[in-house]
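Asks: Once you've had a glance at the structure underneath, I'll fire off some questions.
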Amino acid sequence: MTAEDASSNISDLQSRALTELETLQDARRLEDWRVVYLGRKGKLTQTLRTLGSLPPEQRREAGQAANRAKTTLEEAYDNHLKTLEEASFATSSTKGRLDVTLPGWPVLRGGLHPTTQIVREICNAFASMGFQVVEGPEVESDEYNFEKLNIPKDHPARDMWNTLWVDYTGIQDEHSVLLRTHTSPMQARIMEKMDSKPVRVIVPGKCYRYEATDATHEWHFFQVEGLAVDKGITFADLKGTLYEFARLVFGQNRKVRFRCDYFPFVEPGAEMSIDCFLCDGQGCRVCKKTGWIEVLGAGMVHPKVLEGVGYDPSVYTGFAFGMGMERMAMLKHGIEDIRLFYSNDLRFLKQF
Amino acid sequence: MQVPLSWLKKYVPITLPPRELAHRLTMGGVEVGGIGEIGTSWEPDKVVVGHVLKVDPHPNADRLRLPTVDVGNGEHITVVCGAPNVAAGQKIAFAKEGARLFNTHSGHIEPLRPANIRGFKSVGMVCSVLELGIGDDHTGILVLPDESEIGSPLADILGDVIFETETTPNRPDCLSMLGIAHEVAAHTGQAVTEPDADYPEDDDPIEKQATVEIADPDLCYRYTASLISGVKVGPSPQWLQDALVKAGQRPINNVVDITNYVMLEYNQPLHAFDFGKVKERRIIVRQARKGEELETLDGVKRKLSPPMLVIADASDAIGLAGVMGGANSEVSDGTTTILLESANFDAVNTRRTAAALKLSTGASYRFERSIRAELAPLALRRATKLILDIAGGKAAKGIIDHYPGEKPAPTVHLTRKRIKQVLGTDIPPDKVESVLTSLGFTKKKSSTKNDGLHLEAPYWRSDIAIEDDVVEEIARIIGYDEMPTTTIATSIPHHAPQPMWELKQRTRDLLAAAGMREIVTYSLTSQATIEKAETLEPKPLAMANPMSAQFQYLRTSLRGSMLETLATNWHTSLRDGLRLFEVSRVYMPTKADLPDERETLIGAIAGRRLPLSWLAKELGEVDMGFFDAKGVVQSLLSSLRIEAAFEPSENNALLPGRTASIVCGDHTVGIVGEVHPRILARFDLTETPVTIFEIDLPKLLQSASAASRSYATASRFPESLRDIALVVDSGVPSSNIEAFVSQHKMVQRVTPFDVFTGGDVPTGKKSIAYEIVFQSEKDTLTSEQVGRALEDILRRLQKEFGAELRSQS
Ligand SMILES: [Zn+2]
């Protein structure tokens, strides 16, 4: 065989292969073609093997021709493969049109109770300011619910909390046990435990009052209590902390207002309102035309309370606050009847 | 309390518009919850003072009459009037045509139109308080003071603004007009003028006419009394009646009205005795005798017992001290001599007495709140003066004043340092002093301290005891909004981990993600629910004062309320399937100070597995059961990285054979099972099965904290799958077979994928098909290796469980 023969063989092979390639319409046959011409035992490889009989000079020349042919065929293969793929995508994108307006597979959607959600939101807001969540007992003693909070027996301030008493006769006859009327007993419990160390906690939980229910009153409700005690904590800190809370929970542009109020376990005592976000302070039904909505009670921890749990009130100061969760959720979601929360009608719950 | 501004103006000039004043009071701690306006709707030219010139009979009706009224400017109008009390010479409120009044027939406020009444054309009206909107009485017309000027606008005479204030328990002084006046003064920089209390003392000295003895000085701190003879009891003058009505009180007679008026002025309760009925002219303040009876002024005979305090004469109780007078010494039309009492009684004893007798009065309400004993003689003299002015008579010389409970006025030492320590801002001393002076504090000399202010609280304030009380006074008068706003400067304290809180949060999130909806139900339950749910043990704690039988017991199980919630939502939600859970406490009685409050999870699953879907209509028609609930529990526990076994179990409320206990390590942490139809029927849940699961979270927490999460490298080598179907006794638990197979070192996992009984499977047997995944950590398993392993497994299954191979692939 001569070099001419070899290069003519190569060029014949190339043109045959290219002609054949043009006719191929599916990927399987294209693969067969690739194996036939470019495979390890393919025709081009066989042709190359026949070059061994040529003199070295001619062999190199023919080898180069063969490599050129290989490159050409490989490129042709790649191009054809791409064409075939595109053609196949084009086909599949026009086949089997769906009625996309039909509903998808039902995916089960659970959810959290609106009270859980608001408790979380509020705890998270305070967590961002360094408050830690702590929980305490719902069944409490008179001592923690009242006496340690500067509310002695027969004090008229007790009228502020209509109390459900637990029948403890036969267990501890002289022991006064009740359902906590607020989360405030945890103030005393936490400080006793912390033993004159700084405190910054938030206490969510259920509370109870002996109360007839109506659209705005429920005997069973959730509160969140906050307490920060340290050297150098001031009324200004109380204002700043609660202002930040109002912005986090009710929106960055909220205005707040503090007025003097009374709770026996704080001095000075305060009530915080936010500007009505429903009417932008113009006055509406929710804010009773005042433009302001009361959201929580607060104050500086009363020196008698600090003293009672072993904190020196001339060294330590602190603030405390408490708020009703249902009221917060009602404000945020425009819920008009508190009784919806614990009636557990799914038509209500599913909206949250 | 209802505070008419007209009354307030007697003591302090009101320089601010009412709404602004209400705002300042509210911000300062005396909340004005409502503002009532009287007379703002009366047009000055249409509702005026009229003078009744004559009253003629109506020609056609006996009950109706025709008064002719001078309405000013010489205009005389004759109208029809049905009121029996209309009489010539009266000054009355006259409404002209078009005046906007309350129409007693329609029940609306509307313009007054001419009317033809039994043949007489009437244009205008003589008004009652009901038509004017200032009272309920429609039986008679309102008679105005004689000095009222004819034709002048009625609003000028009767118009008023009334603040509805809410008084916190620490501020009894704000239950009085003078108390509010002092607040107004502090907020507006005005001075308070105290009422006139001077009167001539023309009669014999009081000591010669009456004696007072305090037998129990621990319960009566002060007793003052005056004596007035020759009084004439009768109706109060109009101004006094008006003032009381506007303040929400009912006028009775001049003497009683004055005691009420002065109580509202000073906050000091007073009582007038008909001295003619006081035996031996002696007053004794003593504890009631056991079983002693007293008919109080409200006509109720009350059985008393010590330590209730009574006012007695020489033989009987004639009043319940600090609460209510006795009927046997009541002032009546025939009374001529009055002993006026102004005393100070113990707060706690008064509160207990009022509570025991269920008799809360204006007096007891005030004494409960610890009013100052300094008020007693001031109010006594003021009331004595008014009685002399209004009811006539002569006052005895001097007053009786027994004061066994006398103590120095409360003083507080206030430093600039403390103000800064509490408020976080330095308030200039001159500002501090001016605020405190405006509130009535007085500076005293301190014998021990040089720095700061030594302050005596004003005599009407009983809430000032410590330095911080005064700090609050300063802050509230300057305004809380004027105080600075800062963030806490100290570092965040060390926080202890709160694993239970975290577990509850995670549990709720995971269950919600598994399609479950959270509910929160009441902690208190009823005997009926406990019995229906058969959660009788342990016996729950009961309320000592339950609101109702519905909320009588602290629940020891969440089951009852869950089944009730299912029942409530049954018909609205059953087609979509009900998947509910609750994380709440149950309250287990203990011998300790407080019960054991255990955080508990309950879940319930019932109804259709999926909402109706065109994609798989049949799935929407399948009711959920045991395995739906178990699947949720498994998913929860696996997400919490807790390994649990489900062991066949029994429970009185659940179906035998369809109940499993959830076991983590050595602990049973909960149960899952189908609720017994007997119980479901009691909750009217009869259409589909209900499966519940209950988990004790403290026990789960123990398992969770033991569970570690160390990383294991996944094998690089391929898996080999084999399916086998075994026939075993139907009592053999699949979990035992799975565990047994899993022990083989080449087995990666084993999953049952078909369970079959009947057909060619013998009775008492079942066929279970498993997919077994073989994999090695070291190399690729050959099919010969896998085959040998499977044979080995099958041989041992045969030995262990008597399992026969039914098929293999
Ligand atoms: Zn509003």
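Throughout, read-outs are computed from the coordinates displayed, never taken from laboratory work. Just so it is clear, the structure is predicted and the values come from calculations on it, not from any experiment. A quick note on method: Cβ atoms are made from the backbone with ideal geometry, for glycine too, and the neighbour counts reach across all protein chains shown.
Asks: Which whole-number percentage describes the relative contact order of chain B, with Cα contacts under 8 Å and a sequence gap of 6 or more?
Replies: On the way: 1631 pairs, mean separation 66.3, N = 809.
So the answer I get is 8 percent.
Asks: Using a 10 angstrom cutoff on alpha carbons, build the Gaussian network for chain A and name the most mobile of A:His175, A:His217, A:His80.
Replies: In this elastic network of chain A, the residue with the biggest mean-square fluctuation among A:His175, A:His217, A:His80 is A:His80.
Asks: Another question, then. Quick one: putting +1 on the C-beta of Lys and Arg, -1 on the C-beta of Asp and Glu, what dipole do you get for the protein assembly as shown around its Cα centre, in Debye to the nearest 20?
Replies: 2100 debye
Asks: Please report, in whole Å³, the volume per residue of the convex hull around the C-alpha atoms of the range B:47-158.
Replies: 95 Å³
Asks: Which of A:Asp78, A:Asp154, A:Asp312 ends up with the largest GNM mean-square fluctuation for chain A, with Cα atoms connected below 10 Å?
Replies: With Cα springs under 10 Å in chain A, the top fluctuation among A:Asp78, A:Asp154, A:Asp312 is at A:Asp78.
Asks: Taking 60 Å as R0, compute the FRET efficiency from the Cβ-Cβ separation of B:Gln527 and B:His108 and round it to 0.05.
Replies: 0.75
Asks: If I model a spin label as a point 7 Å beyond the Cα along the Cα-Cβ vector, how far apart are those points for B:Arg716 and B:Arg289 in nm?
Replies: 10.6 nm
Asks: Next up: Could you grab the relative contact order for the range B:499-706? Cα pairs under 8 Å, six or more apart, rounded to a whole percent.
Replies: 19 percent
Asks: Let me ask something else. Under 20 Å from a point 7 Å along the Cα-to-Cβ line of B:Ala567: which residues of the range B:590-604 have their amide N that close?
Replies: B:602-604
Asks: Identify which of A:Tyr37, A:Tyr311, A:Tyr342 has the largest mean-square fluctuation in a Gaussian network model of chain A, with springs joining Cα atoms closer than 10 Å.
Replies: A:Tyr37
Asks: Which residues' amide hydrogens lie under 5 Å from the amide hydrogen of B:Gln748, considering only partners 5 or more residues apart or on another chain, with H built in the peptide plane?
Replies: Result for B:Gln748 returns B:Val773, B:Phe774, B:Gln775.
Asks: Using a Förster distance of 41 angstrom, determine the FRET efficiency expected from the C-beta separation of B:Lys431 and B:Ala409, and round it to 0.05. Display every interim value, and only then the final one.
Replies: Details: r = 24 Å, r/R0 = 0.59.
Rounded to the nearest 0.05, the efficiency is 0.95.
Asks: Further question: Please work out whether chain B counts as rounded, prolate or oblate from its C-alpha gyration tensor, where a ≥ b ≥ c are the square roots of the eigenvalues and a/c under 1.5 means rounded, while otherwise a/b larger than b/c means prolate and anything else oblate?
Replies: Here chain B falls in the prolate category.
Asks: Oh, and also: Within the range B:1-98, how many Lys pairs sit with Cα atoms under 21 Å apart, leaving out pairs fewer than 8 places apart on the same chain? Display every interim value, and only then the final one.
Replies: On the way: B:Lys46/B:Lys91; B:Lys46/B:Lys96; B:Lys54/B:Lys91; B:Lys54/B:Lys96.
So the count of such lysine pairs works out to 4.
Asks: In this model, which of A:Lys231/B:Lys443; A:Lys41/A:Lys70; A:Lys148/B:Lys420; A:Lys43/A:Lys70; A:Lys231/B:Lys417; B:Lys208/B:Lys277 are farther than 19 Å apart at the alpha-carbon?
Replies: In this structure, A:Lys231/B:Lys443; A:Lys148/B:Lys420 exceed 19 Å between Cα atoms.
Asks: What spacing in nm lies between the two simple spin-label points modelled at B:Ile117 and A:Phe89, each 7 Å away from Cα in the Cβ direction?
Replies: 9.5 nm
Asks: Where in chain B are the DSSP H helices whose C-alpha atoms run 15 Å or more along the long axis and whose mean Kyte hydropathy is at least 0.0?
Replies: B:177-188, B:254-266, B:375-391, B:467-478, B:626-639
Asks: Taking amide H positions as placed in the peptide plane 1.01 Å from N, state which residues far from A:Gly291 in sequence (5 or more) or on other chains have amide H under 5 Å from it.
Replies: Counting only residues 5 or more places away or on other chains, the set is A:Gly283, A:Cys284.
Asks: I would also like to ask the following. Taking 2.2 N^0.38 Å as the expected size of a compact globular protein, what ratio does the Cα radius of gyration of the protein assembly as shown give against it, to two decimals?
Replies: For the protein assembly as shown, the normalised Cα radius of gyration comes out at 1.38.
Asks: Using the Karplus equation 6.51 cos²θ - 1.76 cosθ + 1.60 (θ = phi - 60°), what ³J(HN,Hα) coupling, rounded to whole Hz, does each residue of the range B:39-52 give in order, writing x for Gly and Pro?
Replies: With coefficients 6.51, -1.76 and 1.60, one gets x, 5, 8, 7, 5, x, 9, 10, 10, 9, 7, x, 10, 6 Hz.
Asks: So, in nm, how far is label A:Arg285 from label B:Thr15 when the simple model puts each one 7 Å beyond its Cα toward the Cβ?
Replies: So the label points at A:Arg285 and B:Thr15 sit 4.2 nm apart.
Asks: Quick one: Karplus J couplings for the range B:324-339, per residue in order, coefficients 6.51, -1.76, 1.60, θ = phi - 60°, nearest Hz, x for Gly and Pro?
Replies: After applying 6.51 cos²θ - 1.76 cosθ + 1.60, I find 7, x, x, 5, 6, 10, 5, 6, 10, 4, x, 5, 10, 10, 10, 9 Hz.
Asks: Short version: ³J(HN,Hα) in whole Hz for each residue of the range B:289-306, in order, from phi by Karplus 6.51 cos²θ - 1.76 cosθ + 1.60 (θ = phi - 60°), x for Gly and Pro, what are they?
Replies: Whole-Hz 3J(HN,Hα) from phi for the range B:289-306: 7, 4, x, 4, 10, 8, 8, 7, 4, 7, x, 9, 7, 10, 8, 10, 8, x.
Asks: Another one. Membrane-span-like helices in chain A: DSSP H runs reaching 18 Å or more (Cα, own axis), mean Kyte hydropathy at least -1.0? Present the calculation step by step, with values, prior to reporting the outcome.
Replies: Numbers: long enough: A:3-23 (31 Å, -0.59); A:56-92 (53 Å, -1.19); A:114-127 (19 Å, 0.29); A:235-250 (22 Å, 0.61).
Qualifying helices: A:3-23, A:114-127, A:235-250.
Asks: Right, next: Using the structure shown, list the pairs from B:Lys246/B:Lys385; A:Lys350/B:Lys504; B:Lys232/B:Lys385; B:Lys303/B:Lys358 with a Cα-Cα distance above 18 Å, or answer none.
Replies: Flagged as over cut-off: B:Lys246/B:Lys385; A:Lys350/B:Lys504.
Asks: Can you tell me, using C-alpha contacts under 8 Å and at least 6 residues apart, the relative contact order of the range B:201-402 as a whole percent?
Replies: It comes to 36 percent, rounded to a whole number.
Asks: How much length is gained if the chain between B:Ala549 and B:Asp62 is pulled fully straight, taking 0.36 nm per residue apart and subtracting their Cα-Cα distance, in nm to one decimal?
Replies: 169.5 nm
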